[in-house]
Amino acid sequence: MSPRRICSTLAVHLALIGAGLATGAHAQRPPDELPTIESKTEGMQELAGYIDLYWSEREGKLYLELDRWGEELLHQISLTTGLGSNPVGLDRGQLGSTAILAAQRVGPRVLLMEPNYRYRARSQDVAEVRAVAEAFAPSVHWGFEVVAQTGDRALVDATDFFLRDAHGIARTLERARQGTFRLERSRSVFHLPRTKAFPENTEIEVVLTFTSGQPGGLVSSTAASGEAVTFRVHHSLVRLPGDGYEPRRADPRVGAFGMSFMDYAAPIDQDPAVRWVARHRLEKRDPTAERSEPVEPIVYYLDPGVPEPVRSALLDGARWWNQAFEAAGFVDAFRVEVLPDGADPMDLRYNMIHWTHRSTRGWSYGSTVADPRTGEILKGNVNLGSLRLRQDHLIARGLVPPAGAQFGVCDLSAGPAFDYLAIVADGDPVEMALARVRQLSAHEVGHTLGLAHNYIASTYGRASVMDYPAPLVRLTGDGRLDLSDAYAVGAGEYDKFAIRWLYADFPPGASEPEALEAIVQDGLSRGIRFLTDQDARPAGGAHPLAGLWDNGSDPVAMLGHEMEVRRIGLDAFGEGSVPEGEPLASLEKVLVPLYLHHRYQVEAAAKSIGGMDYAFALRGDGQTPLRRVPADRQRAAVDAVLATLDAAALALPERVLQLIPPRAFRVPSGETFDGHTSPTLDPFAAAASAADLTLGFVLQPERMARLVEQHSRDASLPGLDEVVDRLMEVTWRAAAPGDAYVAEVQRTVQRVVVDGMMQHAGSTSNSPAVRAVLNAELLQLAEWLAGRTSPTPHQMLALEDIKRWRARPWGENEATPAPAAPPGSPIGGGRRR
């Protein structure tokens, strides 16, 4: 029995169990008491399609005609219009819940029931299927009263079904601490221009207004009136795809999203957890040909509201995927076009790329509507945050001021001996931003094709658009910054490998498992590797090559490169980094990402400390499952990471401090440094926030525990005590700089270190072995400070604070937190949640 037929059998059983009666039982209300559908709908507007609609202008009601009893359909909810607030997360074009529903008629009532596809029995034994169906509950989504009928056709009033908070808007606003909102039905209606019926799908859109007496600040700052917030919510009722799609089992060596369920009919010696990948249906017109046109191509549509030159950039980037499909044996199988006039972007038939505006910048994302039975992708839906483009431009302006920028005279006495006026940078910030948005378009479309992040791809030749790329800033032989190759172009080798594995259509008679394994082995032989969020996103991640926003095959060496880029960029920083006529105070928001240019490479390099190189190895595939980072490599990483705490490197040049005034009247400050000298820029707070980032990666709980563990098993590997000793050497025991300003920066770094040490030494989330090492280091520091013959006020305060901290009651952990670093990154925005 095919998977689809088994699914259908299961759904029938679940529907019968939930209703408790056979389909078509009308005992509670005789049919002759109901009017006919024809008489009830006389004078109404009829929209004939997959499910016929009747609109009553007089009543303001929408009726559904149902006659496919027990037949499954897909119900998709989405958000047509948004709030415009990234922290709240209600975006234009956002997908909501997806459910398979089947209509069951029981007397005068119709139930919409969702079968439970998370638990199945893929068996031809009906009793075995029924046993699982009866064990796990289905869900009834709605109940309707039948208001008219003709034969086996029933008419129901669906007004309340659609004019409800199906997207969970009130819940989302409350979760974002924006107040308690309720749906105001007197201000909620059907949106008829987007309510349509087609042969394969019926689309309904409603206008919903939510009210609150005390709206939160994020709502009040983005909605026309915070007390009444209006959205358009879209419902799609869609015929499910027919037979012909074959699910494909997931392989952990290939980053493919998908679905999973429990199959209780699996043999005892097999895992009952079934994992299938998600992918679009794509078949060769000639399956025997090495290269063939598809039966139906995959077509994506771009939001026509995107302006040029961004529109062309988004089209270019998304179209890179055709290179991967070509490599998989398809000819012209992936296309991207601008959405034609009159087409509804919320229509489930259209794969969409939305250009999403928000009041603050934030994430872009790619999501899908997939058949819950099989994992077949029915709609790809991309949301691209428009302000990302401007942030990338701002990052580029900090690195490379626009052509023709004029700088003032540089006071070389305040900084390193560097010929500031001779700096010439290659690259246009606008072009770099457009190059980034091409990559962003390809990245998010990749998610909707079924691909997960691959955060190791940057270490073998920028091999995937599914990585998070940092701009690759090259240094020319004469010391210039070159942004001409900031972002890679086109689908990478991993992308082609993953699409080939995910979408390859094998000729008749071929063994699919063997063919897929051959693709994986070919990739492994070429050095193609995959690691994802679980490996890279934790700050204490163990893999030395899994990083976000990093570059290069050697993360440790690349940190030194990024520090040099940062130095050159700071030396070149000046008035030319903002447009003519813009307040000079705006220089600070350009300065932030430049000053913290190294932050992600520090994180990437730190992962070699106590790190382990591992792979998603399968038995017999020839991969080495796990090996420790060599001792010399770990010690090199320690030195490179701790070098970012050097006071001279963290000291902002004097000329920069003299250039940036407080915030201009009526001009928002943007993402800037917190500090103690408001309203002026606090250089010590900037240094503290940068130092705290580095310290957080070194004193990361899991990393410290691994250092203790690895040294206990192999004394040649560095332990936590060695790493912390080195930390103290480069901060507290380092020679004091001769320059008074740089010396104060050094004291700032020292304070961040001692506060961080106290915080972690007293944290019960750290293991006793970790706390023991940190406590011992603090005691040694206290003894060293107590032995100073002429301690400075800074040293005296640190000594007294350590004493107070050691005498604290157990469970209290007082330590002064460093100023938080501003977002300053390619993603995020403002003071985010």
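The values are calculated or read from the model by the stated rules, or taken from the named source; none is laboratory data. Small disclaimer: the values here were computed from a predicted structure and weren't measured. Cβ sites come from the backbone with ideal geometry, for glycine too, and all protein chains shown count toward neighbours. Heavy atoms of the whole protein, side chains included, go into the accessibility calculation; ligands, DNA and RNA do not. Shrake-Rupley method; radii C 1.70, N 1.55, O 1.52, S 1.80 Å.
Results, tabulated for the structure shown:
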item: Among (1) among the hydrophobic types (A, V, I, L, M, F, W, C); (2) over 24 Å from the mean Cα position of the chain (by Cα); (3) part of a strand (DSSP E or B) - the single one A343 does not satisfy; result: (3)
item: Residue check for D269: open to solvent by 70 Å² or more (accessible area, probe 1.4 Å) and not basic (K, R); result: yes
item: Condition met for R831 (open to solvent by 40 Å² or more (accessible area, probe 1.4 Å), more than 30 Å from P469 (Cβ to Cβ) and either modelled with pLDDT under 70 or of a type in the set (K, R) (or both)); result: no
item: Set A664, A686, A637: member being within 24 Å of P823 (Cα to Cα) and buried (at least 16 other Cβ atoms within 10 Å of the Cβ); result: A686
item: G366 out of contact with any Phe, Trp or Tyr (no Cβ under 6 Å at 6 or more places or on another chain) and within 21 Å of T80 (Cα to Cα); result: yes
item: Selection count, segment 583-599, where residues are open to solvent by 10 Å² or more (accessible area, probe 1.4 Å) and closer than 12 Å to T694 by Cβ; result: 1
item: Residue in segment 707-728 that is among the polar types (S, T, N, Q), over 15 Å from A651 (Cβ atoms), in contact (Cβ under 8 Å) with a residue 60 or more places away in the chain and surrounded by 15 or more Cβ atoms within 10 Å (Cβ to Cβ) present; result: yes
item: Segment 472-503, residues that are in a loop (DSSP other than H, G, I, E, B), open to solvent by less than 50 Å² (accessible area, probe 1.4 Å), of a type outside the set (A, V, I, L, M) and at negative phi; result: T476, Y487, G492
item: Any helices (runs of 4 or more DSSP H) falling wholly within segment 615-731 and containing at least 3 residues that are of a type outside the set (D, E) and within 30 Å of the chain's Cα centre (by Cα); result: 631-642, 683-698, 701-713
item: Condition check for R349: in contact (Cβ under 8 Å) with a residue 12 or more places away in the chain, open to solvent by less than 50 Å² (accessible area, probe 1.4 Å) and either closer than 13 Å to S441 by Cα or among the charged types (D, E, K, R) (or both); result: no
item: Those residues of segment 54-75 which are of a type outside the set (D, E), closer than 19 Å to S188 by Cβ and either in contact with a His (Cβ under 9 Å, 6 or more places away or on another chain) or not in a strand (DSSP E or B) (or both), in sequence order; result: R58, G60
item: Residue list for segment 269-291, restricted to those being within 23 Å of D251 (Cα to Cα), among the small types (G, A, S) and assigned to a loop (DSSP other than H, G, I, E, B); result: A278
item: Residue in segment 224-246 that is in contact with a Gly (Cβ under 6 Å, 6 or more places away or on another chain), closer than 17 Å to L502 by Cβ and charged (D, E, K, R) present; result: no
item: Single unsatisfied condition, G84 versus (1) open to solvent by 20 Å² or more (accessible area, probe 1.4 Å); (2) under 30 Å from D303 (Cα atoms); (3) among the small types (G, A, S); (4) touching a helix residue (DSSP H, G or I) at 6+ places or on another chain (Cβ under 8 Å); result: (1)
item: From G610, G581, G620, G569, residue being at positive phi and in contact (Cβ under 8 Å) with a residue 60 or more places away in the chain; result: G610
item: Pick from segment 76-86, criterion part of a loop (DSSP other than H, G, I, E, B) and touching a Ser or Thr at 6+ places or on another chain (Cβ under 9 Å), ranking: nearest to P241 (Cα to Cα); result: T81
item: In segment 228-245, residue most open to solvent (accessible area, probe 1.4 Å) [restricted to those that are among the charged types (D, E, K, R) and in contact with a helix residue (DSSP H, G or I) (Cβ under 8 Å, 6 or more places away or on another chain)]; result: D243
item: Residue match in segment 110-118 (condition: under 30 Å from S221 (Cα atoms) and of a type in the set (S, T, Y)); result: no
item: Failed item, numbered, when Y245 is tested on (1) without any contact (Cβ under 8 Å) to a residue 60 or more places away in the chain; (2) part of a loop (DSSP other than H, G, I, E, B); result: (1)
item: Some residue of segment 374-381 being modelled with pLDDT under 95, open to solvent by 10 Å² or more (accessible area, probe 1.4 Å) and not in a loop (DSSP other than H, G, I, E, B); result: no
item: Single residue of segment 760-812 satisfying the filter (of a type in the set (G, A, S) and not in a helix (DSSP H, G or I)) that is farthest from G719 (Cα to Cα); result: S790
item: Tabulated pairs, segment 470-484, first over 15 Å from N551 (Cα atoms), second of a type in the set (F, W, Y), C-beta under 9 angstrom, 6+ apart or interchain; result: G479/F418
item: Output for segment 427-451, where each listed residue is open to solvent by less than 10 Å² (accessible area, probe 1.4 Å) and not in a helix (DSSP H, G or I); result: L449, G450, L451
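So that you can scan it fast, the table gives a plain yes or no per residue for (1) modelled with pLDDT of 95 or more; (2) under 43 Å from the mean Cα position of the chain (by Cα):
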site: G18; (1), (2): no, yes
site: L34; (1), (2): no, no
site: E38; (1), (2): yes, no
site: T41; (1), (2): yes, no
site: Y54; (1), (2): yes, yes
site: L64; (1), (2): yes, yes
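Residues checked against (1) under 21 Å from N454 (Cα atoms); (2) hydroxyl-bearing (S, T, Y); (3) at pLDDT 95 or above; (4) open to solvent by less than 10 Å² (accessible area, probe 1.4 Å):
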{"site": "S577", "(1), (2), (3), (4)": "no, yes, no, yes"}
{"site": "L618", "(1), (2), (3), (4)": "yes, no, yes, no"}
{"site": "T644", "(1), (2), (3), (4)": "no, yes, yes, yes"}
{"site": "L650", "(1), (2), (3), (4)": "no, no, yes, yes"}
